[in-house]
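Worksheet for the structure shown next.
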Amino acid sequence: MLKKIAILANGGDVAGFNAVIRGIVKTAENSGVEAYGFIDGYNGLLKNNYIKLSTAEDGTAEGILPKGGSIIGSSTNANVFNYKVINEEGEVEYKDLSDICVENIKNNGFDCIFTLGGDATQKSARDFSVKGINVIGVPKTIDNDVACTEITFGYNTAVSVAMEALDRLHTTGETHHRIMVLEVMGRYAGWIALESAIAGGADVALIPEIPYDIEKVASKIKNRQKRGKNFSVVVVSEGAKPKGGEMVIEGTRDNGIGVDNTKLGGIGKIVARQLEKITGLEARETTLGYMQRGGTPTAFDRVLSTKYGAKAMQLALEGKFGRLAVIKNGKLDDVSLEEVVGNNKKIGAVSGNTKESNIRKITMDNDLVKTARSVGINLGD
C-alpha cells in the first residue's frame, strides 16, 4: 500500500517538467498518496533536501502546468555513484555515496521514487533499483534520444522553438540573399535538426547520424541559385560532423566521473564559413542554444507530460517498479529500466556517449529521413 512518494527532476531543464510533476501529484492525491519533491535532482536526494508537493489552493504544485523549468530544480552534475568530493587534504576524490541516498529514502518512508530525466538519469535510476529501491522513470530530454520510447517530453517544444527561428531566418535570408545557418541542440542524435528542418522548410539538414560532404551541400545551394533562389536555409545539429571528421567540441566540463563532460558546439559557424567560400553567397550563423530548453511547453508537451505523469503514478499503484513509462506504437506503455540501459550495466557508469549505451538515434528507414529526401531537403550525403 503506497503512502508516500517522491519525485526528482534531473539533467538539463525542459518545458514539461512541471506538467509531469503535476500529473504525478494529482494522480497520487486522487489515490490518497502523499507526494514530495527532492530539490535539485540527485543532489537533493543525497542531501535529503525535499518539500511537500500539493495541488491544493496555494499548494506548491498549484498552477504549474504552463510553467517552464522545474519547481523542484534539477541537476546536471550529480552522479551519486561517482560523486565529486574534496578530501581532508584538499584533493578531489570520487566516491560512491548512493548508500546515503538509499538510507534517506528508507528513513523518510518513501515507497517509490520517480526519476524525471534522460539516459543518464535513468541509468542511475536502474542502479538504485538494483539496490532495492522502488523506482519509476519518466523519459525527459529535448534530444529525444531515450531508448525504448517514441518520444520524450520537452522535445516537441524544442522543435517548435527551432521551427519559429527558421521561419524568422527564412525572411532575412530571402531579403538579403544570404545562406542562413541555424545550429540546434541534440547531442548525438539529430531529431531536433531533422524535424525542425521539415517543419521550417529548410533546404539542408545536417545530423550526427549522416556524416556530410560540404561540397554536396554547396551543390544543393548552387542549384537553387541557378533557379533564381539566391538564399538558402541550413539546419545543423550540434553533433553533426563531416565525412572522415569529428564532432566540434566547444569545451570540456568537470561534472564528475561517469557523465558526459563533452560540450558540443561551433559546427554551425564552420559550415557557414565553408559554404560562404564555396558558393560566393554571404552566410550568417545563429546558435539557438538554451532558447530550446526554456519557456512554456507546447500543448502537445503539456498533454504528453501529463500522460507520462499519470502513467508513472499508475505503475506505482500497481506495484510495477523498476520501469520506465514510454510511448510505444503511439500508446502509453512501460518497459524495464534494464532494457532502457541496454549493455550499460556497470554501476555508476551513466554517460550516454559510449558503445555500451542504448540511446535512440535516427535510422535511415525512419519516416523523417524518407520525408526529408522526398521534399528535397539535402542531408549532406
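The values are calculated or read from the model by the stated rules, or taken from the named source; none is laboratory data. Keep in mind that what you see is a predicted model, and the values were worked out from it rather than measured. Ideal geometry is used to build each Cβ from the backbone, glycine not excepted, and the neighbour counts take in all protein chains shown.
Can you say whether VAL326 is assigned to a helix (DSSP H, G or I), under 22 Å from the mean Cα position of the chain (by Cα) and either of a type outside the set (Asp, Glu) or over 18 Å from GLY11 (Cα atoms) (or both), as far as the supplied structure shows? Even if it seems obvious, please write down each step before you answer.
Details: assigned to a helix (DSSP H, G or I): no; under 22 Å from the mean Cα position of the chain (by Cα): yes; either of a type outside the set (Asp, Glu) or over 18 Å from GLY11 (Cα atoms) (or both): yes.
No: the conditions fail for VAL326.
Filter region 292-308 down to the residues that are touching a strand residue (DSSP E or B) at 6+ places or on another chain (Cβ under 7 Å) and closer than 18 Å to LYS328 by Cα and list them by number.
ASP301, LEU304, SER305, LYS307, TYR308
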What number of residues within region 95-115 are assigned to a strand (DSSP E or B) and closer than 30 Å to SER305 by Cβ? 4
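For region 267-320, which residues satisfy the criterion of being among the small types (Gly, Ala, Ser), surrounded by 21 or more Cβ atoms within 10 Å (Cβ to Cβ) and under 30 Å from ASP111 (Cα atoms)? First the steps, then the outcome.
Initially, region 267-320 is screened for residues among the small types (Gly, Ala, Ser), giving 268, 272, 280, 283, 289, 294-295, 299, 305, 309-310, 312, 316, 319.
Pick out the ones that are also surrounded by 21 or more Cβ atoms within 10 Å (Cβ to Cβ) and you get 268, 272, 283, 305, 309, 312, 316.
Across region 267-320, the qualifying residues are SER305, GLY309, ALA312, ALA316.
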For the structure I just gave you, tell me whether LYS263 is basic (Lys, Arg), touching a Gly at 6+ places or on another chain (Cβ under 9 Å) and more than 21 Å from THR115 (Cα to Cα). yes
Can you tell me which residues in region 345-361 are modelled with pLDDT of 85 or more and either among the basic types (Lys, Arg) or in the same structural domain as GLY118 (by TED's automatic domain parsing) (or both)? LYS345, LYS346, ARG360, LYS361
Taking region 12-22 and keeping residues crowded, with 24+ Cβ neighbours inside 10 Å and not β-branched (Val, Ile, Thr) leaves ALA15, GLY16, PHE17, ASN18, ALA19, ARG22
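From the list ASP111, ASP127, ASP145, which one is among the acidic types (Asp, Glu) and over 19 Å from GLU338 (Cβ atoms)? Explain how you work it out, then say what you get.
Numbers: ASP127 fails: over 19 Å from GLU338 (Cβ atoms); ASP145 fails: over 19 Å from GLU338 (Cβ atoms).
After applying the criteria, what remains is ASP111.
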Lone qualifier among GLY244, GLY201 - being in contact with a strand residue (DSSP E or B) (Cβ under 9 Å, 6 or more places away or on another chain), assigned to a loop (DSSP other than H, G, I, E, B) and not polar (S, T, N, Q): GLY201
Check region 341-354 and report whether any residue there is under 30 Å from GLY200 (Cβ atoms) and buried (at least 19 other Cβ atoms within 10 Å of the Cβ). yes
Report yes if GLU238 is more than 30 Å from ALA19 (Cα to Cα) and not aliphatic (A, V, I, L, M), otherwise no. no
Checking CYS148 against (1) outside the structural domain of SER237 (by TED's automatic domain parsing); (2) assigned to a helix (DSSP H, G or I), the condition it does not meet: (2)
Does LYS222 satisfy being in the same structural domain as THR262 (by TED's automatic domain parsing), in a helix (DSSP H, G or I), in contact with a Ser or Thr (Cβ under 9 Å, 6 or more places away or on another chain) and at pLDDT 95 or above? yes
Out of the residues in region 114-153 that are within 13 Å of SER357 (Cβ to Cβ), hydrophobic (A, V, I, L, M, F, W, C) and crowded, with 24+ Cβ neighbours inside 10 Å, state the one that is modelled with the highest pLDDT. VAL146
Any chance SER196 is closer than 16 Å to ALA165 by Cβ, not aliphatic (A, V, I, L, M) and not in a strand (DSSP E or B): yes
State all residues of region 329-381 that are closer than 26 Å to VAL271 by Cα and assigned to a strand (DSSP E or B); if no residue qualifies, say none. ASN378
Exactly one condition in (1) among the hydrophobic types (A, V, I, L, M, F, W, C); (2) surrounded by fewer than 21 Cβ atoms within 10 Å (Cβ to Cβ); (3) more than 21 Å from LEU304 (Cα to Cα); (4) modelled with pLDDT of 95 or more is false for LEU45; which is it? (2)
Hey, ARG187 hits all of (1) modelled with pLDDT of 95 or more; (2) in contact with a strand residue (DSSP E or B) (Cβ under 8 Å, 6 or more places away or on another chain) but one; which does it fall short on? (1)
Hits in region 96-113 - residues which are buried (at least 23 other Cβ atoms within 10 Å of the Cβ) and under 10 Å from LEU46 (Cβ atoms): SER98, CYS101
